[in-house]
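Just below is one structure, and these are the notes that go with it.
The values are calculated or read from the model by the stated rules, or taken from the named source; none is laboratory data. Since we're looking at a predicted model, the values are computed, not measured. We place every Cβ from the backbone using ideal geometry, glycine too, and count neighbours over all the protein chains shown. SASA here: full protein model, heavy atoms, side chains in, ligands and nucleic acids out. Shrake-Rupley method; radii C 1.70, N 1.55, O 1.52, S 1.80 Å.
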Amino acid sequence: MQKLIQGIHQFQGKSFLPLQGLFEQLAKGQNPETLFITCSDSRIDPNLLTQAKPGDLFILRNAGNIVPPHGAGNGGEAATIELAVAALGVKDIIICGHSHCGAMQGLLNPEKVASLPAVSSWLSHAEMTRRIMRENYGHLEGERLLTATVEENVLVQLENLRTLPAVGSRLVRGDLHLHGWVYKIETGEVFAYDVENAQFVKLAEYNQPIEANVRRRTTHEI
């Protein structure tokens, strides 16, 4: 706690002043253009990763960057997404997974979260990811299997996202764009799902959002 308190003093004494005008404007309201959905993992910092300023990102975080499909419950995820899409009018939604994801490790190895009933229940919203991996990726193991799971889960959660009424309505209008990203912690690289290639590619090579139904890549290319 002392480290955090010292950080607050440093923020108030040094970091806040150059941005005071921005914060005064933000006090009147927010107008973010992007909803950033990512994992709760402490190693992920959306603002640092994207170099976004306060007010740029509307952020939703949970274990495994999961989006329960419409009708799965009345959790905070659906409310947060609806607020971002229908009230704040964000133009883009990014679902960002990451390397070495503990939630995906738990998905692959349910015994590791057997003593965590709330976590086990939460991961049921990624059951499609688990089935895809079991039925299509038997040739992978270790880090390659985990990486493929992280990527497939991003695609599955994008599909879940499309089931939410507020999102579906905006997609029909054509003024909302969806993106699937994976962040590699140890290198700082970001990979984005490219519909044309049906693969995750380095962000520099990515040139289009996901507008149509997610096209799944062939497993032999992994």
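Just a few scattered comments:
- Here Phe36 meets each of (1) open to solvent by 30 Å² or more (accessible area, probe 1.4 Å); (2) under 24 Å from Thr129 (Cβ atoms); (3) of a type in the set (Phe, Trp, Tyr) with one exception, condition (1).
- Close pairs from region 50-71: first within 20 Å of Gln105 (Cβ to Cβ), partner among the hydroxyl-bearing types (Ser, Thr, Tyr), Cβ under 6 Å, at least 6 apart: Arg61/Thr38; Arg61/Ser40; Asn62/Ser40; Ala63/Ser40; Asn65/Thr38
- Picking from residues in region 178-188 that are within 14 Å of the chain's Cα centre (by Cα) and open to solvent by 30 Å² or more (accessible area, probe 1.4 Å), the one that is nearest to Gly89 (Cα to Cα) is Trp181.
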